[in-house]
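What follows is a short report on a single structure.
The values are calculated or read from the model by the stated rules, or taken from the named source; none is laboratory data. From a predicted model like this one, the values you see are computed outputs, not experimental measurements. Here Cβ is always computed from backbone atoms with ideal geometry, including for glycine, and neighbour counts include all displayed protein chains. Calculation scope for accessible area: heavy atoms of the full protein, side chains included, ligands and nucleic acids excluded. Shrake-Rupley method; radii C 1.70, N 1.55, O 1.52, S 1.80 Å.
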Amino acid sequence: MPRLRLAESSLLFVGLAFCTRVAGALSGPAQAPISTPSIFAPVSRPAVVIDAYAWLVVAVCGVIFVLVAGLLCFALLRFRLRGDDDGREPPQVYGSNPLELAWTLIPLITVFLLSLVSIRVVGELQLETRPPDWMPVTVVGHQWWWELHYPELGITTANELHVPVSDPASPRPTFLNLQSQDVIHSFWIPQLAGKMDVVPGRQNHVWVEPARTGVYVGQCAEYCGTQHANMLLRVVVHTPEDFERWARGQQRQAVSEASVAEGRDLFLRTACVSCHTVRGTPAAGRVGPDLTHLMSRATLGAGALRNDAANLNAWIQSPDHFKPGVHMPAMGLQDAEINLVAGFLATLK
Amino acid sequence: MSSADLPLHASVEVPPAISWTDRLHGWVATVDHKRLGVLYVASGLVFLLVGGSQASMMRMQLFYAGNDLLSPEVFNRFFTVHGTSMVFFVGMPLVIGIANYLLPLMIGARDMAFPRLNAWGFWMFLFGALLFYFSYVGADGLYGAGTAPDVGWFAYSPLTGKAFSRGNSTDYWVLGILVAGFGSISAAINMIATTLTMRCRGMTLGRMPLFVWMMLVVSWLILVAMGPLTAAQVMLLFDRFLGAHFFDTQAGGDAVLWQHFFWFFGHPEVYILIIPGFAYASEIIPVFSRKVIFGYPVMVAATCAIGLLSLGVWAHHMFVVGLGKGVTSWFVVATMLVGVPTGIKIFNWIGTIYGGKLHFRVPMLFCTAFLFQFLIAGLTGIMLAAAPFDWQLSDSYFVVAHFHYVLIGGLVFTIFAAIYYWFPKVTGRMLSERLGRWHFWLFVVGFQLTFTTMHAQGLLGMPRRIYTYSADRNWEIWNQITTTGVLFQALGIAVFVCAIFHALRRGEPAGDDPWNAWTLEWSTSSPPPEYNFAEEPEVKSRRPLWDLKHPDDPDWRHE
Ligand SMILES: [Cu+2]
Ligand SMILES: [Cu+2]
């Protein structure tokens with residue numbers, strides 16, 4: 001019976017690590033979003049280093065597990081009470097100093113070596129200041145969405161971080177300053193970097209240097225209130241050319257098409273503007289996400305639903321339906337008015 | 001295994017028939033450490049059922065992607081109340097209660113050093129717990145329906161500030177734990193005083209059962225760790241009611257300060273809960289291996305080392321808060337070091353088993369599972385201690401898996417072992433071996449299904465405390481296995497409840513010493529009389545009953 005449990009747990013453990021590896025390796029073409037972000041399928045430097053280090057730790061622990069569990073299984077099977085027992089007590093052994101010394105020293109040495117490796121990796125990955133040529137991005141956590149600023153590019157957006165791919169010939173790492181507007185959140189894109197808390201009143205940092213284009217999904221990892229579950233963040237890694245194109249698009253002001261002038265006016269007359277910014281219009285609210293290029297984003301409500309015309313309508317009508325507790329109120333507009341407003345927003349590419 | 005007729009035997013009394021009001025009064029007004037122990041354990045088990053039901057509801061919610069069985073508000077309250085209950089109102093009373101019952105018996109004393117303080121401690125715990133649960137009806141005062149706290153069991157600021165947590169639910173969280181905490185502190189003082197001053201003749205510190213040693217270390221840890229928590233809670237109340245700004249980041253307070261306070265308590269708390277598990281295992285494994293514990297002095301030293309080290313590792317819960325390289329490295333090394341004395345214990349238990357004659361009765365079955373599960377828990381603990389690895393694992397389901405391996409795989413399994421082992425002493429009746437085996441196997445299977453798979457969700461990027469996830473994240477299948485395990489665990493618990501009622505009504509009489517054991521509690525009658533021992537026992541070794549049963553080869557010749 002103990003043998004069964006050992007087999008079961010060790011198999012599961014090994015199998016699991018293996019599966020996540022394979023899943024990572026197989027996970028689709030570059031542009032398809034990988035929505036199951038295995039930490040064992042890293043594509044960017046902190047995560048890649050962590051991955052190698054993690055496997056070392058798993059290996060050390062695995063060896064310890066096999067040895068100790070094996071010994072335990074052997075003892076349990078070998079010394080179970082036999083049918084032909086004579087009823088006498090077994091010899092009483094009170095201890096053994098050499099053995100105690102052995103199983104104190106060997107673990108001590110293991111811990112010592114593992115500590116050295118760990119300290120080295122910590123030193124390698126934790127950066128307190130931005131190296132001069134790295135692109136800075138400020139990430140502001142809000143209940144329950146992410147605000148993103150590119151100070152050098154003059155871009156403000158939300159819930160979708162765009163960065164250029166970095167290759168060894170021309171490295172283009174991104175350095176993220178993490179700030180919070182309200183409570184503690186945690187920035188976590190498993191395939192790019194380990195997590196780092198976003199703490200109000202503090203500046204934390206994390207950096208990424210993705211080696212592959214694609215879309216990588218992560219979400220807030222520190223419980224931050226009612227909608228902690230719907231605080232996703234997508235990182236889109238572009239080729240350098242695509243990144244320039246994206247940045248130029250984001251730098252533009254919103255262009256107003258005449259066909260949606262009515263919707264635009266309605267939007268500007270409603271309280272939407274006290275919470276949202278649309279650059280190029282008087283709307284300059286800072287409570288909610290910048291909507292200037294809303295339609296360039298894949299989701300609404302920090303990943304709560306896909307961004308398309310129908311969902312946009314539904315969201316404006318009742319954000320609470322998709323994200324109960326959300327800090328955007330239903331504005332009580334008529335259906336026709338919602339269509340007009342949504343029609344306007346749908347042009348904000 | 002037949003019991004020898006022992007000279008320390010107390011005479012059996014037949015109590016006169018009494019009315020139920022007298023009996024109730026007897027329980028409410030009691031200062032007898034045994035009755036208080038039973039009260040502690042019984043209330044702990046009731047809260048275990050309550051906390052378990054909350055967990056089952058959460059698991060049902062997560063069974064399907066995008067499920068809407070529970071609203072986010074209800075879900076967030078459940079995980080807060082579940083976590084808080086399991087630590088403060090299940091773990092603590094069970095651990096303190098079992099010690100309360102056994103500690104005086106094991107050292108040959110007639111009661112705890114401060115019997116009335118003992119009763120006070122129990123009622124503080126119970127009313128603290130009830131105050132906490134009262135939030136469900138009273139958290140918004142008289143002005144509306146109540147809501148339970150929803151800030152998570154470690155209640156990170158500034159989420160607990162007035163700005164983000166309106167109403168009074170957080171205050172119930174603070175006050176409930178504060179009140180129960182006074183109970184724990186008084187219990188700790190009592191256990192230390194009892195152990196240091198009330199041991200029977202001949203019981204030097206070096207002859208105390210390991211159980212007593214370990215509870216002594218636990219008591220010290222409670223004393224050291226509970227203070228900072230209480231202080232932090234009072235500071236939080238100041239913030240919420242008196243306009244202080246300790247943790248109020250919008251007015252220059254520090255969110256991380258709370259974490260230091262909390263985890264300075266929170267990490268030792270883990271050991272406050274798991275060392276008693278070691279204590280039960282250290283009594284049960286030798287008896288069912290029919291061998292003396294291997295390396296007694298080393299076990300004592302390892303326990304003290306764990307106690308000391310556990311006070312210097314708290315920030316490993318904060319590796320992702322941005323500690324800086326130096327602090328991170330320190331806490332990596334310190335945390336990994338705890339693995340050494342913990343490993344020593346596992347090796348000594350194996351040493352005890354090795355060369356013995358293993359009787360796989362129900363208590364031993366639970367201890368066996370404990371050894372494997374605790375080994376895994378320790379190793380995933382090393383992974384979490386490895387800071388860069390922890391940057392990925394922290395706050396994910398991997399952590400949830402890890403600490404349930406510790407607290408269920410380690411503590412709850414040994415508590416079940418302890419209940420099957422000492423129930424005969426407490427009630428005079430045996431728990432059914434057959435039902436016990438059903439309980440064990442259902443629970444083991446359920447536990448593995450639930451918590452082994454949980455590691456996977458964590459590695460696949462699923463954070464803890466989310467009430468929903470979308471189907472395209474491919475977490476559903478893992479969550480379904482996890483939830484299926486809950487069913488088995490629940491069945492196991494149902495069998496356990498049946499076994500208890502069955503035993504109370506129709507259990508086989510146990511006799512004084514059903515397991516042919518060696519410590520003093522087995523020398524008196526089952527259940528023991530109010531005064532425990534008719535005359536003060538005298539011991540010459542760590543296993544006084546072994547000496548009696550084997551006058552030809554007593555222990556004191558070898559110690
Ligand atoms: Cu969050
Ligand atoms: Cu800890």
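Please work out if B:Val292 is facing chain A (nearest Cβ under 7 Å), within 16 Å of ligand 2 (Cβ to nearest atom) and at pLDDT 95 or above. For B:Val292, the condition - facing chain A (nearest Cβ under 7 Å), within 16 Å of ligand 2 (Cβ to nearest atom) and at pLDDT 95 or above - is not met.
Yes/no per residue for (1) open to solvent by less than 30 Å² (accessible area, probe 1.4 Å); (2) of a type in the set (A, V, I, L, M, F, W, C); (3) within 16 Å of ligand 1 (Cβ to nearest atom):
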{"position": "B:Trp220", "(1), (2), (3)": "no, yes, no"}
{"position": "B:Gln233", "(1), (2), (3)": "yes, no, no"}
{"position": "B:Phe241", "(1), (2), (3)": "no, yes, no"}
{"position": "B:Phe246", "(1), (2), (3)": "no, yes, no"}
{"position": "B:Pro268", "(1), (2), (3)": "yes, no, no"}
{"position": "B:Leu273", "(1), (2), (3)": "yes, yes, no"}
{"position": "B:Ala281", "(1), (2), (3)": "yes, yes, no"}
{"position": "B:Pro286", "(1), (2), (3)": "yes, no, no"}
{"position": "B:Lys291", "(1), (2), (3)": "yes, no, no"}
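Provide a single number: the residues in the stretch A:150-197 that are over 27 Å from A:Val49 (Cα atoms) and more than 14 Å from chain B (Cβ to nearest Cβ). Here the count works out to 8.
In the stretch B:295-327, the residue that is nearest to ligand 2 (Cβ to nearest atom) out of those that are within 26 Å of B:Phe416 (Cα to Cα) and open to solvent by less than 10 Å² (accessible area, probe 1.4 Å) is B:Ser310.
Applying the set (1) closer than 25 Å to A:Gln143 by Cβ; (2) within 14 Å of chain A (Cβ to nearest Cβ) to B:Leu210 leaves exactly one unmet item: (1). Under the condition of being more than 28 Å from B:Lys325 (Cβ to Cβ) and within 13 Å of ligand 1 (Cβ to nearest atom), the residues counted in the stretch A:195-240 number 8. Filtered by the rule that a residue be aromatic (Phe, Trp, Tyr) and facing chain A (nearest Cβ under 7 Å), the stretch B:362-400 gives B:Phe372, B:Phe389, B:Trp391.
Residues that are within 17 Å of B:Ala386 (Cβ to Cβ), in contact (Cβ under 8 Å) with a residue 40 or more places away in the chain, more than 9 Å from chain A (Cβ to nearest Cβ) and more than 16 Å from ligand 1 (Cβ to nearest atom): does the stretch B:297-313 have at least one? Scanning the stretch B:297-313 turns up at least one residue that is within 17 Å of B:Ala386 (Cβ to Cβ), in contact (Cβ under 8 Å) with a residue 40 or more places away in the chain, more than 9 Å from chain A (Cβ to nearest Cβ) and more than 16 Å from ligand 1 (Cβ to nearest atom). In the stretch B:328-341, of all residues being over 23 Å from A:Ile184 (Cα atoms) and more than 9 Å from every other protein chain (Cβ to nearest Cβ), the one that is surrounded by the fewest Cβ atoms within 10 Å (Cβ to Cβ) corresponds to B:Trp330. Among residues that are outside the structural domain of A:Leu153 (by TED's automatic domain parsing), more than 16 Å from ligand 2 (Cβ to nearest atom) and of a type in the set (Gly, Ala, Ser), A:Gly249 is included. Among the residues of the stretch A:128-139, is any modelled with pLDDT of 95 or more and within 14 Å of chain B (Cβ to nearest Cβ)? Yes: one or more hits.
A single entry from A:Ala52, A:Ala41 fulfils the requirement of being outside any helix (DSSP H, G or I) and either at pLDDT 55 or above or at positive phi (or both): A:Ala41. Suppose we filter the stretch A:59-116 for residues that are at the interface with chain B (Cβ under 7 Å from one of its Cβ atoms), β-branched (Val, Ile, Thr) and open to solvent by less than 50 Å² (accessible area, probe 1.4 Å); how many remain? Qualifying residue count for the region: 3.
Of all residues in the stretch A:266-277, one or more are touching a strand residue (DSSP E or B) at 6+ places or on another chain (Cβ under 7 Å) and either buried (at least 20 other Cβ atoms within 10 Å of the Cβ) or under 21 Å from A:Ala298 (Cβ atoms) (or both). Of all residues in the stretch A:173-229, those that are aliphatic (A, V, I, L, M) and without any contact (Cβ under 8 Å) to a residue 12 or more places away in the chain total 1. Only one of the listed residues (B:Gln480, B:Gln457) is within 14 Å of another protein chain (Cβ to nearest Cβ) and either open to solvent by 10 Å² or more (accessible area, probe 1.4 Å) or in a helix (DSSP H, G or I) (or both). That residue is B:Gln457. Of all residues in the stretch B:252-262, those that are within 16 Å of ligand 2 (Cβ to nearest atom) and open to solvent by 10 Å² or more (accessible area, probe 1.4 Å) total 2.
Given the criterion touching a residue at least 12 places away in the same chain (Cβ under 8 Å), in contact with a Cys (Cβ under 8 Å, 6 or more places away or on another chain) and of a type in the set (Val, Ile, Thr), identify the matching residue among B:Val234, B:Val212, B:Val217. Break it down stepwise before answering.
Numbers: B:Val234 fails: in contact with a Cys (Cβ under 8 Å, 6 or more places away or on another chain); B:Val212 fails: in contact with a Cys (Cβ under 8 Å, 6 or more places away or on another chain).
Answer to the check: B:Val217.
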